[in-house]
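Before any comments, here is the structure.
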Amino acid sequence: DSGVTQTPKHLITATGQRVTLRCSPRSGDLSVYWYQQSLDQGLQFLIQYYNGEERAKGNILERFSAQQFPDLHSELNLSSLELGDSALYFCASSRGSGGGADTQYFGPGTRLTVL
Amino acid sequence: GENVEQHPSTLSVQEGDSAVIKCTYSDSASNYFPWYKQELGKRPQLIIDIRSNVGEKKDQRIAVTLNKTAKHFSLHITETQPEDSAVYFCAASIRGGYSTLTFGKGTMLLVSP
């Protein structure tokens, strides 16, 4: 157990819908990262937040947005869902703001299925 | 941006054999190289990492080597066991600043008893 929690574990929804994924970082970690993992694309970095502020952005679609709250938990919002958005979404957390070189600990993931 | 290539995509070995997975990176400024192991349906877990000021690091049956000149790094697993079967991901990043981890596409390692 890495100490990073994610809810829900599974999510099944229809095209065009909107969903929210939630992540709580390890105690003391200030950074939260979101990744999308699909079979053909591996682990794709979406976005990083550090202490409530957006820190780095990766291949995140405009239909997707995220935020980090004062208690440091983070939410990833996915809207106008398409079949291709079906994937595992991982959250990771790290102690500081050092981006990639700060050891990242992954949560158990949310499996999103869009029908 | 950084690009990480990982080979092979699948690797099958017999129990007790050694396994080697290789990655190359494109950005010469990268200086942090972690390896993650992901079992089926589970989270990626950090198994070892190396920073650019060292050329090799070992942890029991696992070792990582780094060649900065050639811009490649490798994961070595000795005396493989069936429980080593998983997908292994390499990654690269630049320490500090706004750098993020760029992952390779993964290697599925199958260890047969």
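No lab work stands behind these numbers, since they all come straight from the coordinates. Quantities reported herein were computed from a predicted structural model and do not represent experimental measurements. All Cβ positions, even for glycine, are placed from backbone atoms using ideal geometry, and neighbour counts span all protein chains on display.
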Item checked: Note, ³J(HN,Hα) from phi for the range A:65-75, Karplus 6.51, -1.76, 1.60, rounded to Hz, x at Gly and Pro -> 8, 9, 7, 10, 8, x, 7, 6, 6, 10, 10
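So how much slack lies between A:Thr15 and A:Gln44, counting 0.36 nm per residue of separation and subtracting their Cα-Cα distance, in nm? Intermediate results must be reported in sequence, preceding the final value.
Numbers: separation 29, 0.36 × 29 = 10.44 nm, distance 2.16 nm.
That pair, A:Thr15 and A:Gln44, stretches by 8.3 nm at full extension.
For the cross-link pairs B:Lys22/B:Lys58; B:Lys37/B:Lys105; A:Lys9/B:Lys22; A:Lys57/B:Lys58, which exceed 24 Å when the distance is taken from alpha carbon to alpha carbon?
Listed pairs above 24 Å: A:Lys9/B:Lys22; A:Lys57/B:Lys58.
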Next item on the list: Report ³J(HN,Hα) in whole Hz for each residue of the range B:15-20, in order, from the Karplus equation J = 6.51 cos²θ - 1.76 cosθ + 1.60 where θ = phi - 60°; Gly and Pro get x.
Entry: 3, x, 6, 9, 10, 10
Checklist line | Average beta-carbon neighbours from other chains, 10 Å sphere, peptide B:37-48 | finding: 4
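Averaged over its residues, how many other protein chain Cβ atoms are within 10 Å of peptide B:73-86's Cβ atoms?
The shielding value for this peptide is 0.
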Notebook entry, point to check: R0 = 22 Å: FRET efficiency of A:Leu83 with B:Thr10, Cβ-based, nearest 0.05?
Noted result: 0.25
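Quick one, can you get me the convex hull of the C-alpha atoms of chain B expressed as volume per residue in Å³? All intermediate terms of the calculation are to be shown ahead of the outcome.
Numbers: hull volume 10.9 nm³, N = 113.
Cα-based convex hull of chain B, divided per residue, equals 96 Å³.
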Notebook entry, point to check: From largest to smallest, what semi-axes in whole angstrom does chain A give when each is the square root of 5 times an eigenvalue of its alpha carbon gyration tensor?
Noted result: 23, 13, 13
Note to self: How large is the translational diffusion coefficient of the protein assembly as shown in µm² per second when you combine the Kirkwood radius over alpha carbon pairs with Stokes-Einstein at 10 °C and 1.306 mPa s?
What the structure shows: 88
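Using a 10 Å cut-off on Cβ to Cβ distances, tally the other chain neighbours for every residue of A:37-46 and report the average as a whole number. Please report the intermediate quantities before stating the final value.
Working: counts 5, 0, 0, 1, 2, 8, 11, 2, 6, 1.
Counting other chains' Cβ atoms within 10 Å and averaging over A:37-46 gives 4.
On a full-extension model of 0.36 nm per residue, what is the gain between B:Lys42 and B:Ser26, subtracting their alpha-carbon distance, rounded to one decimal in nm? Present the calculation step by step, with values, prior to reporting the outcome.
Working: separation 16, 0.36 × 16 = 5.76 nm, distance 2.89 nm.
The span from B:Lys42 to B:Ser26 would gain 2.9 nm if fully extended.
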Margin query: For the range A:53-72 and the range B:50-113, what is the centre-to-centre distance using only Cα atoms, to the nearest Å?
Written below: 28
